[in-house]
Amino acid sequence: MIAALLANVLYSTGFVLEKRALSALPEVSVRRPVTLLRRVLGSPLWIGGSLALAAGFGAQLVVYRTLPIAVAQGIFVSGLVLLVLLSARLLGEEATGRERYALGAILAALLMIVLSLREGSDPVGRAAPYSLILLVCVPSLAASVWLYRATELRARRQHRLPTTGVAYGVAVGLLYGVSSLAIKGVSSCATSGPACLVRSPYPYLLLFTGAFGLVMSQAALQRCRASLMVPVCTTVTSLFTAVFGTLSFGETLPHDPLRLTLRLAGTALGVTVLLTMPKHDPTPEPSLTAKELTHP
């Protein structure tokens, strides 16, 4: 539990520091990854944020060895509260009323999932068939890259309303969902020695998601509000990992009808919120000219 809460603090702090650093940098793009890396690596603030995220990754490895996937994801989503508070305080980002309601619904979904848990009764999965992991991960990675590219193409159109970052968050969230399954697999292989790890698909999935995730997330984070994009990304990652991780690693759903209802309803609520969140920021109203003020 302590490791999970520590991971929350590290991840939230890391994203906010990276966003603050990116706001001071020239525009970065996934089409110029070398330029992107050169610019972010020249920022001490961004390096501090990335180190915080790396430390959160280490804490996440510990969590997956001691807690079921659904339990871990429920705790990780609670870090959204800290992220929104830090974004408002350090980045000056204010959520709209509709977005605040959406974030509240996400936290309600989290509470339902947490209430469906019972300490000691949920087994911790230790292994998954490699073919099943690849069957889940490869199409998810393809969908992530396709959605991100489609969002980039839409964003470059003239007269397009500014995006809130929901589509970017979903695309990066799918990528990080695959990464979370790979982290779970690495934590499971750690006790079996390096040979098991090399033969598994997990380190290669981590390399792919790490490289693409770095470029995709930084370009999206620079364009969008962290207080919205990161919660969407985190929710997609958590739902993806909780659902497919539970099935892949054989962590069964609750048998008690009430706990099962809470877990399924919480998952459904989280998905519904994502589908109904605003896709564009409101267009600022044009200011009135002096002539319009004197001649209504």
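Each reported figure results from applying straightforward, stated rules to the coordinates on display, with no laboratory input. Small disclaimer: the values here were computed from a predicted structure and weren't measured. No Cβ is skipped: glycine too gets one built from the backbone with ideal geometry, and neighbour counts run over all protein chains shown.
Per-peptide packing, taken as the mean over residues of other Cβ atoms within 10 Å, places 4-13, 202-211 in the sequence 4-13, 202-211 from highest down.
For the range 2-279, the Cβ-based charge dipole about the Cα centre amounts to some 800 debye (Lys, Arg positive; Asp, Glu negative; other atoms uncharged). Each peptide in 257-265, 225-233 receives the mean, over its residues, of other Cβ atoms within 10 Å, and ordering these scores from highest gives 225-233, 257-265. Between Ala195 and Thr35, the simple spin-label model (points 7 angstrom out along Cα→Cβ) gives 4.9 nm.
As a calculated quantity, the FRET efficiency between Ala143 and Leu253 at R0 = 22 Å, using C-beta atoms, amounts to about 0.35.
With a sphere of radius 15 Å drawn around the Cβ of Leu37, what net charge do the other residues whose Cβ falls strictly inside it have (Lys, Arg +1; Asp, Glu -1)?
After counting each charged neighbour, the total is +2.
Between Ile47 and Leu61, the distance separating the two model label sites (each 7 Å from Cα on the Cα→Cβ line) works out to 2.2 nm.
Packing order of peptides 61-67, 178-184, highest average first: 178-184, 61-67 (average count of other Cβ atoms within 10 Å over each peptide's residues).
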